[in-house]
Amino acid sequence: MWAQIIANSRDLQKGFFVELLPKLFGEQNVQTLQADILASVNAINSRFADRDDRRELNKAILSALLQSPSEKMKFSLAKWLSRNGGGGVVKSVGSMNPSMEDLKALKEVFPSSKTVKELIKKAE
């Protein structure tokens, strides 16, 4: 199913991905679909070429990370966010009520993030 979506991604609005990512990564029983999504990040990224669009995608990735019940997926999403230059979006995580698991995944991938360090310190 995901392969068909990606094959037709040029016909889809960017909002489709922005809305879908947090919802799908918030589910527990769709690991295969989540893996397929992560395998197609280049195709997804290509739909978000300009700076404002990429920022919207990065916000959706961060939201997906916060929704995900899986530590492995949180880490994978944090890596995607990093590859997309999403450090600026990470600065807003404090207003999104992150869990300690969320912060640990972000700290692993964004070790110099002052925001993440401060939030971890407050939570401890």
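The values are calculated or read from the model by the stated rules, or taken from the named source; none is laboratory data. Nothing here was measured: the structure is a model prediction, and the numbers come from that model. Cβ placement follows ideal geometry from the backbone for every residue including glycine, while neighbour counts extend to all protein chains displayed.
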Hey, among GLY94, GLY87, which residue is surrounded by fewer than 18 Cβ atoms within 10 Å (Cβ to Cβ) and under 24 Å from PHE16 (Cα atoms)?
-> GLY87
Inspect the stretch 39-58 for any residue being closer than 16 Å to TRP2 by Cα and outside any helix (DSSP H, G or I) and give the result as yes or no.
-> yes
List, please: which pairs have Cβ atoms under 8 Å, are six or more places apart or on different chains, and start with a residue in the stretch 37-60 that is surrounded by 18 or more Cβ atoms within 10 Å (Cβ to Cβ) and end with one that is outside any helix (DSSP H, G or I) and of a type in the set (Ser, Thr, Tyr)?
-> LYS59/SER92
Residue identified as more than 23 Å from SER113 (Cα to Cα) and in contact with a Ser or Thr (Cβ under 6 Å, 6 or more places away or on another chain) among LEU33, LEU38 = LEU38
In the stretch 59-76, residue nearest to PHE48 (Cα to Cα) [restricted to those that are in a helix (DSSP H, G or I) and hydroxyl-bearing (Ser, Thr, Tyr)] | SER63
Which numbered condition trips up GLN28, out of (1) within 18 Å of GLU101 (Cα to Cα); (2) part of a helix (DSSP H, G or I)?
-> (2)
Exception for PRO98 within (1) touching a helix residue (DSSP H, G or I) at 6+ places or on another chain (Cβ under 7 Å); (2) in a helix (DSSP H, G or I); (3) at pLDDT 95 or above falls at (2)
Answer residue from the stretch 93-124, given it is over 16 Å from ALA64 (Cα atoms) and among the hydrophobic types (A, V, I, L, M, F, W, C) and is farthest from the chain's Cα centre (by Cα) among those | ALA123
Look at VAL116 and say whether it is in contact (Cβ under 8 Å) with a residue 12 or more places away in the chain and closer than 24 Å to PHE48 by Cα.
-> no
Within the stretch 105-124, the count of residues that are assigned to a helix (DSSP H, G or I) and either among the aromatic types (Phe, Trp, Tyr) or crowded, with 16+ Cβ neighbours inside 10 Å (or both) comes to 8
Boolean, LEU12 is at pLDDT 90 or above and not β-branched (Val, Ile, Thr) = no
